[in-house]
1. Over 26 Å between C-alpha atoms is what I'm after, so list which of LYS122/LYS153; LYS122/LYS244; LYS122/LYS252; LYS114/LYS244; LYS90/LYS217; LYS114/LYS183 land there.
2. Fewest Cβ neighbours within 10 Å first, please rank HIS133, HIS189 accordingly.
3. In nm, give the distance between the simple-model label positions of THR91 and LYS152, each being 7 Å from the Cα along the Cα-to-Cβ direction.
4. How much length, in nm to one decimal, is gained on full extension between ASP225 and MET109, taken as 0.36 nm per residue of separation minus their Cα-Cα distance?
5. Order the peptides 177-183, 87-93 from the highest to the lowest mean number of other Cβ atoms within 10 Å of their residues.
6. Which value, in debye to the nearest 20, describes the size of the charge dipole of region 100-146 about its Cα centre when Lys and Arg Cβ atoms bear +1, Asp and Glu Cβ atoms bear -1, and nothing else is charged?
7. Suppose each label sits 7 Å from its Cα in the direction of the beta carbon; what would the ALA213-ASP238 distance come out to in nanometres?
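Just so you know, all these numbers are worked out from the coordinates, no wet-lab data involved. The shown structure was predicted, so the numbers you read here are calculated from the model rather than taken from an experiment. Methodologically, a virtual Cβ is constructed for each residue, glycine included, from the backbone with ideal geometry; neighbour enumeration extends over all protein chains shown.
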Amino acid sequence: MSVFSRSRLHGWLGTRADDDMLRALFGVMLTATVSVLALDYQTLSDAAVERHASMPSSPTPGITPSAEPLPDGGKGRPAPLRQPDAQLQKTMSFDLQSDGRLLATGTIMPGTGKAFADEIGKRGGYVKTVVLHSPGGSLTDALAIGRLIRDKKFATEVESGRYCASACPLIFAGGIERRAGFKAAIGVHRAVTISSGPLGERDGMEDGQRVSALAQKYLREMGVDLAVWIHAMETPNDRLYYFKSDELAALKLATQTGDKPAVAKAKS
């Protein structure tokens with residue numbers, strides 16, 4: 001073989017070897033990239049499943065912040081929502097008065113149930129009545145607060161000219177005695193659940209049914225007529241159904257309206 005032929009052969013073999021090496025390197029890089037993408041996808045999928053799985057035990061209760069009190073003539077029918085004032089938009093706070101009245105003012109946020117339990121753990125021995133002024137908020141937190149109120153045998157009250165709407169009446173229902181002032185505005189509307197699960201709308205429907213069942217069970221245990229919840233479910237979440245004084249009495253949501261007893265003291 002000539003020198004020229006051997007030179008061409010070595011050059012060709014060298015090029016072929018370089019090509020094989022590049023292809024092998026590219027294959028390794030491609031495999032690594034696919035592996036990383038697969039790992040990222042699995043991580044995201046696991047996170048989505050985890051979020052969805054947490055929903056049944058901790059639905060995000062929604063009850064939209066609601067309206068300012070209406071005149072008495074507006075009660076007994078749904079009324080449009082208006083934004084609460086700045087004070088009521090803040091997270092619910094607790095202020096114990098010297099006469100044993102614990103003022104609970106503001107929006108019921110996720111975690112407010114624990115904050116209330118902490119407050120009662122510190123100063124519950126002095127509390128006689130929980131006085132409510134709230135546009136509502138987290139339904140599950142409201143249920144937790146209401147149950148603790150009943151366990152402690154506290155009374156609840158919405159003062160004349162004050163306001164208790166959306167999830168707030170569930171707290172009110174927990175009182176062993178439940179006093180509604182003559183011009184107290186107490187109203188309900190449909191609960192809203194937020195679902196971030198991968199099944200979307202079906203998750204939201206299932207969570208809504210679960211929340212509704214919890215609320216009905218709670219009201220029955222508190223001795224309140226379930227027609228209260230029917231009014232809530234029949235009222236769109238952009239409106240409120242305000243109860244008349246005689247409705248509060250008839251539905252056993254209040255044991256006292258104005259200056260007159262409505263029904264007998266609730267069972268503990």
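1. Over 26 Å Cα-Cα: LYS122/LYS244; LYS122/LYS252; LYS114/LYS244; LYS90/LYS217; LYS114/LYS183.
2. HIS133, HIS189
3. For the pair THR91/LYS152, the computed spacing is 1.8 nm.
4. Full extension from ASP225 to MET109 adds 39.1 nm.
5. Listed from highest to lowest mean packing, they are 177-183, 87-93.
6. That gives region 100-146 a dipole magnitude of about 200 debye.
7. 3.1
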